[in-house]
Amino acid sequence: MAGERRVSIHGGVVRRPVAPWTDTVHSLLAHLHAAGLPVPEPLGVEGAQEVLRLVPGEAGEQAWPHQSLISAVRSAGSLLRALHLGTRSWVPPPGARWAVPSEGGSTVCHGDPKPTNMAWRDGVAIAVFDWDMARPAPEVSDVAYALYWFAPFDVDEAELRHRHLSKTFDAHARIEAFLDGYGWTGPLDVMQAVADRREQAVKEVVYLGERGHMPHAAWVDAGWPDRWRTEPRLP
């Protein structure tokens, strides 16, 4: 079973263990970075580690206060749209590999566009990192995934406080803000799209876990996929 993918950050450089899809993701990131889009700059592979330039901004747990604002949610939608558009001119390298099966199409989706995988400054999403789950897919795949986190769905009062949201927050307004920022113009059954993407995400965890990739294998062993298989709900 593969070990935990430990991350080290020093001097503005990120080092992580390589994965089978690292070369493909680095090719994509190099294309986006060269186009002036805010993603980590790939610096290459050193032995068994991939090396990337750290994107500026506050991220991880520091993202929650930023994303509490409606304007912040709209900025995240705008950023995701720009990245989707940027992927369409990328030519995959021969033998391109992805963490999960490709769904086809000319857009490469990030696969995990949640607030903590974005860098923030003054309530604005300014970059997206952690592209391990990227794969060609319809844009709605990323949009529905992001809405699950930004609305948000499936959170209790304690989690709302953790995300710096009050009990009176307006989930529907946050959904509309994200879609407005993204520029979504077609019909979208949000509840169904989120439910479908949620189930797909669980299946992807099982897929990676069965192949020994961490932390997914640990999640599968702990029985988390079965616990995650619930209908998404708004608070």
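Any read-out appearing in this document is the output of simple, stated calculations on the displayed coordinates, not a laboratory observation. Note that this is a predicted model, so its numbers are computed, not measured. Quick reminder, even Gly has a Cβ in these numbers, built from the backbone with ideal geometry, and neighbours come from all protein chains shown.
See the values below:
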| read-out | value |
| --- | --- |
| Dipole moment magnitude, nearest 20 debye, the chain about Cα centre, only Lys, Arg, Asp, Glu C-beta charged | 280 |
| (1) 57, 36, 34; (2) 48, 48, 31; (3) 50, 40, 36, with the label sought being that of the calculated Cα extents along the principal axes in Å | (3) |
| Prolate/oblate/rounded label for segment 8-53 (Cα gyration tensor, a/c 1.5) | oblate |
| Coil-residue GluC sites (Glu not before Pro) of segment 1-59, DSSP, other Cβ within 10 Å capped at 16 | GLU4 |
| GNM top mover of PRO152, PRO38, PRO225 - the chain, alpha-carbon springs below 10 Å | PRO225 |
| Exposed-loop-free span, longest in the chain, where trypsin sites (Lys or Arg not before Pro) count as exposed if DSSP calls them loop and at most 10 other C-beta atoms lie within 10 Å | 7-87 |
| At least 27 Å along the helix axis (C-alpha) and Kyte average at least -0.5, DSSP helices within the chain | 190-210 |
